[in-house]
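No lab work stands behind these numbers, since they all come straight from the coordinates. No experiment lies behind these values; they were computed from the predicted model shown. A quick note on method: Cβ atoms are made from the backbone with ideal geometry, for glycine too, and the neighbour counts reach across all protein chains shown.
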Amino acid sequence: MKFLVGLQTDITAQKRTERAKSEFVSLASHQLRTPLTNLRWAFEVLEHGKIGKLPDEMQKIVERAQSFITQMNQTVSTLLNISRIEAGKIQVRDEKVPIGRLLEDIQEEYQSALAVKKQSFTINCPKELSLMTDESLLYEILTNLVSNASKYTPERGSVTLEVKQEGDAVSIRVSDTGYGIPADQQKQIFSKFFRGGNVIKHETSGTGLGLYLVYNLVRILSGSISFSSEENKGTTFTVSLPSTPPPHS
Ligand SMILES: Nc1ncnc2c1ncn2[C@@H]1O[C@H](COP(=O)(O)OP(=O)(O)OP(=O)(O)O)[C@@H](O)[C@H]1O
Ligand SMILES: [Mg+2]
């Protein structure tokens, strides 16, 4: 009996610690957002020559700084969304999302990162195609996949986005010509904190949380995700979402 009481106290304390941890992450990432947005704005002013044309060398430094800001933004968003999901507090809206426009926004967000690595970026998407889903969650899913595609592809490689209507679903493919995922590690790809052994030597930054978030967001949006990958050839992730989602519980 004594043992049972002890165990219950432990579980309650553990839950309290988990909640406090999640609230801290949520607050900290929220607080980081505003200074990051201001930093981005300041560098955009410089990059677009609004206060005079920059020397080439300086332009490159600004581009690189922008790509680091994009990376930081992504990490902050990922942490914030994971803490929301784990606290059961994620909100899902249904709205008409013109997918072509969303992909152009993503291209703009990643253009500095792509330029730094001299990678090409192609979008194939039928004009006027839209779906009913949560735009900001879909943006999170796709920015994570695009960020990975660019990060895990060497200089001068390519990243391609392809969208198709397939019956009642819209499929979005993100392909790259990068390092690929070793066959014996593919089962772990959506686990929290997993990082592939083959990429760490090329790309040291990363928390292994992006795909864990993507997997959970796709599930929340009633969709599915799959991938195929070959080492040193490339990787394709396919997200399929219903054109009109079932009612959320
Ligand atoms: N397009 C890709 N090509 C090759 N490997 C990939 C690709 N996408 C993901 N991976 C592998 O899966 C791992 C997990 O990806 P995930 O996005 O979850 O984490 P991360 O990119 O390491 O860090 P972050 O949390 O900053 O996104 C990566 O570290 C990499 O090994
Ligand atoms: Mg990632």
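For the reader, a short list of remarks on this structure follows.
- About the Cα centre, charge dipole magnitude for the chain (Lys/Arg +1, Asp/Glu -1 at Cβ), debye: 680
- The packing ranking, built from the mean of other Cβ atoms within 10 Å per residue, places the peptides 141-154, 179-192 in the order 141-154, 179-192, highest first.
- Global geometry of the stretch 2-86, whether rounded, prolate or oblate, following the gyration tensor of its Cα atoms and the 1.5 cut on a/c: prolate
- Taking all Cα pairs closer than 8 Å and separated by 6 or more residues, the relative contact order of the chain comes to 17 percent.
- Each peptide in 234-243, 11-20 receives the mean, over its residues, of other Cβ atoms within 10 Å, and ordering these scores from highest gives 234-243, 11-20.
- For the stretch 95-242, the fraction of alpha-carbon pairs in successive 10 Å shells from zero, as %: 11, 44, 35, 9, 0
- Net lengthening on full extension, residue 16/residue 50 (0.36 nm per residue, minus Cα-Cα): 7.2 nm
- Angle between the chain longest axis and helix 2-47 axis [Cα atoms, degrees, rounded to 10]: 20
- Antiparallel content of DSSP bridges confined to the stretch 111-249, in %, to 5: 80
- When the stretch 95-242 is described by a simple charge dipole with +1 on each Lys and Arg Cβ and -1 on each Asp and Glu Cβ, the residue from 165, 175, 207 located farthest towards its positive end is 207.
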